[in-house]
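Report on the following structure.
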Amino acid sequence: MHDAIHPFARLEPARVVAAVESLGFWLPGEPFALNSYENRVYLVHDDERRRWVIKFYRPGRWTDAQIQEEHDFLAELEAEGVAVAAPWRDASGTSLHRHEGFRFAIFPQLPGQAPELENPAHLFALGEVLGALHAVGERRSFAHRRTMDLEGMVEEAVVGVLGSGWLERRQRQAYERVTEALKPLLAAHAWPAGRALRVHGDCHLGNLLGRDEHFALVDFDDCLMAPAVQDLWMLLTAQDEGERQMQLSEVIEGYEQHRDFDRGELALVEPLRTLRLLRHSAWLVARWEDPAFPVAFPWLADAGYWDAHVRQLEQQRQVLDTNTLWLA
């Protein structure tokens with residue numbers, strides 16, 4: 001919807017190579033673009049056959065201090081033996097680098113595949129790595145990154161969608177109606193600030209990689225202060241009650257190898273799911289001027305998407321209204 005050239009349009013392969021080689025690397029081949037939309041991410045290999053993931057941060061999204069907290073958290077986790085990839089640092093200890101107006105970081109590639117959430121051994125291993133992460137995460141707080149605020153984030157998402165011009169009049173009325181009904185239901189599940197700790201923040205399957213029963217966490221771009229369950233609930237995908245309890249049992253058993261889990265936080269699973277639904281649509285409309293988004297998400301321009309989104313929100317309203325929440 002905007003005619004201006006997006007900054008990421010300048011990130012052609014030669015500029016990516018030049019940025020990495022400005023730090024003393026030599027890349028004998030071309031960078032390979034990985035599936036990423038918020039930032040731009042590339043896989044490269046150097047002349048020593050090492051494989052690196054290069055992340056160019058979206059201009060204007062995070063401050064330098066916020067990015068540095070991500071990097072320092074990863075270094076702290078790696079030093080404690082948690083399976084993550086901390087960014088490469090140069091001789092001066094710098095991990096956030098600059099080239100021609102872009103900020104970028106270099107991470108060692110962690111090979112592997114996504115876990116199978118029907119496999120009890122995988123679920124236990126995922127719980128174990130998250131427990132180890134949170135055992136470190138609770139030691140101190142972020143100073144610059146965001147603290148998850150259920151009511152504030154819901155309001156931001158709703159304002160973003162309503163101000164975008166994407167909804168037809170009928171859809172706008174339905175969206176306003178369901179979100180107004182959701183707000184008090186979600187507010188009832190707000191948590192005290194003292195419950196928040198440093199978490200990954202976006203713990204979906206694409207950010208969990210491993211082999212056999214050993215998994216690592218990648219992409220801490222959304223790390224923030226939040227309840228521990230924020231990193232667990234997306235692993236609980238089963239619809240059948242028996243399967244759901246198996247998933248929950250294995251994840252928590254693995255988690256508690258390192259840290260106790262407060263079962264009371266399971267009441268936040270459905271509120272957090274609702275928040276993610278709201279924020280995802282707001283994220284799509286906010287990023288539409290990025291040329292990668294119309295290509296990757298063409299269905300956003302279809303009225304059917306917004307009808308389906310409102311139906312999803314209505315289903316979540318019913319779940320929250322009837323208190324059909326997770327229990328241990």
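The values are calculated or read from the model by the stated rules, or taken from the named source; none is laboratory data. On a predicted model such as this, the values are computed, not experimentally measured, just so you know. When we count neighbours, we look across all protein chains shown, and the Cβ atoms used for this are built from the backbone with ideal geometry, even at glycine.
Restricting attention to segment 36-61, and to residues there that are in contact (Cβ under 8 Å) with a residue 12 or more places away in the chain and over 19 Å from residue 10 (Cβ atoms), which single residue is farthest from the chain's Cα centre (by Cα)?
47
Restricting to segment 75-86, name every residue that is over 15 Å from the mean Cα position of the chain (by Cα) and buried (at least 19 other Cβ atoms within 10 Å of the Cβ).
Those that are over 15 Å from the mean Cα position of the chain (by Cα) and buried (at least 19 other Cβ atoms within 10 Å of the Cβ): 77, 82, 83, 85, 86.
Does any residue of segment 28-36 turn out to be surrounded by 17 or more Cβ atoms within 10 Å (Cβ to Cβ) and of a type in the set (A, V, I, L, M, F, W, C)?
Checked against the condition, which is being surrounded by 17 or more Cβ atoms within 10 Å (Cβ to Cβ) and of a type in the set (A, V, I, L, M, F, W, C), segment 28-36 yields no hits at all.
Can you run down the residue pairs with Cβ atoms below 9 Å, 6 or more apart or on separate chains, where the first is in segment 228-244 and farther than 26 Å from residue 137 by Cβ and the partner is of a type in the set (Asp, Glu) and modelled with pLDDT of 90 or more?
238/118; 243/118
Residues of segment 164-177 being surrounded by fewer than 19 Cβ atoms within 10 Å (Cβ to Cβ) and in contact (Cβ under 8 Å) with a residue 60 or more places away in the chain, which ones?
Across segment 164-177, the qualifying residues are 164, 168, 171.
Among the listed residues 113, 109, 171, identify the single one that is polar (S, T, N, Q) and in contact with a helix residue (DSSP H, G or I) (Cβ under 7 Å, 6 or more places away or on another chain).
Just one listed residue meets the conditions, 171.
For segment 102-110, state whether one or more residues are surrounded by fewer than 21 Cβ atoms within 10 Å (Cβ to Cβ), at pLDDT below 95 and not charged (D, E, K, R).
There is at least one residue in segment 102-110 that is surrounded by fewer than 21 Cβ atoms within 10 Å (Cβ to Cβ), at pLDDT below 95 and not charged (D, E, K, R).
Go over the candidates 174, 190 one by one and state the one that is modelled with pLDDT under 95 and over 19 Å from the mean Cα position of the chain (by Cα).
Step by step, each of 174, 190 is checked, and only 190 is modelled with pLDDT under 95 and over 19 Å from the mean Cα position of the chain (by Cα).
Please tell me if residue 53 is farther than 24 Å from residue 280 by Cα and surrounded by 13 or more Cβ atoms within 10 Å (Cβ to Cβ).
Spelling it out, residue 53 is indeed farther than 24 Å from residue 280 by Cα and surrounded by 13 or more Cβ atoms within 10 Å (Cβ to Cβ).
Examine segment 236-243 for a residue that is at pLDDT below 95 and among the hydroxyl-bearing types (Ser, Thr, Tyr), and state whether such a residue exists.
yes
Within segment 12-33, restricting attention to residues that are over 29 Å from the mean Cα position of the chain (by Cα) and small (Gly, Ala, Ser), which residue is modelled with the lowest pLDDT?
Among those that are over 29 Å from the mean Cα position of the chain (by Cα) and small (Gly, Ala, Ser), it is 29.
For segment 165-200, which positions are of a type in the set (A, V, I, L, M, F, W, C), outside any helix (DSSP H, G or I), out of contact with any strand residue (DSSP E or B) (no Cβ under 8 Å at 6 or more places or on another chain) and farther than 14 Å from residue 306 by Cβ?
188, 190, 191
One line per residue, one yes/no per condition, for (1) of a type outside the set (Asp, Glu); (2) out of contact with any Leu (no Cβ under 9 Å at 6 or more places or on another chain):
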| position | (1), (2) |
| --- | --- |
| 170 | yes, yes |
| 180 | no, yes |
| 185 | yes, no |
| 190 | yes, no |
| 194 | yes, yes |
| 200 | yes, no |
| 210 | yes, no |
| 214 | yes, yes |
| 219 | no, yes |
